[in-house]
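Quick notes on the structure that follows.
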Amino acid sequence: MLFALCLLFSAPLPPEERALVVDGRPLVVPRTAQVGGVPLALDLLVSAEERAIVATLVHRAWTPRDPAVDPAHPEPPALLAGRAPDVELEHAGARIDERYRLLLWRLPERLRGLPSWLGVAAKQSGIRPLLPHKQPPASAHDALDRVLADFSFGLSQSRTVAISPRVTWVELVEPPPGAEDLLFDLPPSSEPPLQPQERHDEPVLLKPLPSYQPVEAGIISRLDAGGRRVALTFDACSTLDRSFYDDRVTRALMRTNTPATLFISGRWAETHLRQMRVLAQNPLFEIANHSYTHPHMTEVPPERQREELLWTQQILYSLTGRIPRFFRPPYGEVDPELAEQAGQTGLRTVEFDFPSGDPDRHITRDRLIAWVLAKARPGSIVVMHMNRRGWHTAEALPEIVAGLRSRGFVLSQVGAMVEAARAGAPPSDPTGRRGRDR
C-alpha cells in the first residue's frame, strides 16, 4: 500500500491538478476555478456539514448569494470542472464598491467523517448599484483572511496544507452558539409569492437621481403634534440574514389595510427586485432609505456616508419612481454629523421612540403584542423587521393592529404623520393620498 502511494505522487499530475496531503491522506484536486473565464486559485479546503458552514458565516454577516438576482443582468458563471458552486456567500468589503465572495464546491471525499468542500475566496471590486460587474473577481489574501477570521467563531481547527498558492484546511464541527437560529425556517406557506400588478420583463435601468434640496437635519423619534397617530415601521436590513424576506409581514399589513413605512437597504432592494415592485405598487407602503450595505454609519467617513445614502436613493428611485424622503440609520446609531449629512442629501433622519423587540427570539408572540400595545402613545414610531429578523412579527401584527385601533390610534405612514404634525391636523382629517392613514 505504501509502495502504491509513492507511485501516486511520483507520477506527474496534469497541470490543472495539484496534490494535497490531509491527515496523511492524499487528495488530488483542481488548481483553479473559472469565474467569468478568469482562473482563480482554489485556496480553501473545508470539512463541515453545509448547515454549519452557512450558519457560522451568516452569524458573521455573510449572505447566502443568489447569482441570478436579475435575469436581465446575468453574472459571469463560476465553474469548477464545469460545475456551479454548491454554496456561495458574500460579505461587504471595506469600501462600498467591493465584496468578498466565497464559492464552495462539494467533494466526494469525507474528511474526519464530515463532508468536504473545495473553495475560493475572492474579492469583487468596482461594483455599481443595479449594474452588472465590469471587473472580474480576483483572488485576494484579505478575502481568505476574512473567511478564516469568521470561521474562527465556530472553528475546530485550521492549518495550511499547501503553499504557493496557500491552501488552508478548516475543520468545522459545529457553528457557534445561536448561529443556527439565524437559519430558522418559516412554516411552509400555502400561498404563492406576492406578484406585482404588472409584469416587467424589461431590464432594470439605473435612472439618474433628480436634483434634491437639503432639508433640516433634526432627528425624528416621536411626533406628538399630529394627534393620536402611531407609525408602524419595518426595516429590511442588509445584514446577518439580510437576503431573506418574510412576505407574511406584507400580507398581514395588506389584509388589515394598514399603512406603514418600510426602510429599505439598497443592497436588499437589489436582491429583491420582484418584491420591491410589489411594495412600490401598493399605496399602503411608504418606501424609505436604510443605507446601502448597513454599516455602522457613525464609524465611516463622511464621503462613505454620502455614498451609502445616495446609492440607495438612486436604487429606490429607479425601482419605484419615487424619491424617498426619510432615512433610518442602521442599528439606530446616529449623531449630529450623520443627521446633517442626511439632510444635505434631502433626507430627514427617523429613529423610533421604542423598539418592538422583535429580533429577540425569546420574545413570544403574546409578549410582543403586549409590549407594543403597552408602550404605544400618540406620535409613537415603532420599529419592526421584515427581513426575517423578526421572530414573531407576522404572527403578532394582526392583533397589534387591532389593539392599537381599539385604543383609538390612527395607523399612519411617517410622512403623513410629519405632515399632520406640521399642520396640527387632528388624526381624522385627510392628510393626502389614499393609504397613508388608517
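Readers should treat all values here as calculations from the given coordinates under stated rules, not as data from a laboratory. This is a predicted model, so every value here is computed, not measured. Note that we place each Cβ from the backbone using ideal geometry, even for glycine, and neighbour counts take in every protein chain shown.
Side notes on the structure shown:
- Charge-dipole axis of the stretch 217-423 as Lys and Arg at +1 and Asp and Glu at -1 on Cβ define it, positive-most pick from Pro302, Val382, Phe409: Phe409
- For the chain, with +1 on Lys and Arg beta carbons and -1 on Asp and Glu, the positive-most of Ser47, Pro76, Pro176 along the dipole: Pro76
- Computed over the chain: relative contact order in percent, which uses C-alpha pairs under 8 Å that are six or more apart: 17 percent
- Ranked for footprinting exposure by Cβ neighbours inside 10 Å, fewest first, Thr250, Thr298, Thr56, Thr320 give Thr298, Thr320, Thr250, Thr56.
- Residues with amide H under 5 Å from that of Phe263, placed H, sequence gap 5 or more: Phe234, Asp235, Ala236, Ala288
- FRET E, pair Arg31, Glu419, Förster distance 60 Å, beta-carbon r, rounded to 0.05: 0.45
- Of all DSSP beta bridges confined to the chain, the antiparallel ones make up roughly 60%.
- Simple point charges give the picture: +1 on the Cβ of Lys and Arg, -1 on the Cβ of Asp and Glu, and for the stretch 31-163 a dipole about the Cα centre of about 200 debye.
- Calculated FRET efficiency for the pair Glu340/Val38, C-beta based, R₀ 60 Å, to 0.05: 0.90
- For the chain, the convex hull drawn through the C-alpha positions has a volume of 150 cubic angstrom per residue.
- Assigned charges on the beta-carbon of Lys, Arg, Asp, Glu; the stretch 217-423 dipole about Cα centre (debye): 820 debye
- Build a GNM of the chain with springs between Cα atoms under 10 Å apart, and of Gly227, Gly119, Gly266 the one that fluctuates most is Gly227.
- Selection from Met276, Leu223, Val120 lying farthest towards where the dipole of the chain points positive, charges on Cβ: Leu223
- The charge dipole of the chain, taken about its Cα centre with unit charges on the Cβ atoms of Lys, Arg (+1), Asp and Glu (-1) only, comes to about 820 debye.
- Per-residue 3J(HN,Hα) values for the stretch 392-409, derived from phi via the Karplus relation 6.51 cos²θ - 1.76 cosθ + 1.60 with θ = phi - 60°, read 10, 4, 5, 5, 7, 4, x, 6, 4, 4, 4, x, 5, 5, 5, 8, x, 7 Hz in sequence order (x marks Gly and Pro).
- Computed helical MRE - 222 nm, the chain, DSSP H runs ≥ 4 contributing -39500 (n - 2.57), nearest 500: -8000 deg cm²/dmol
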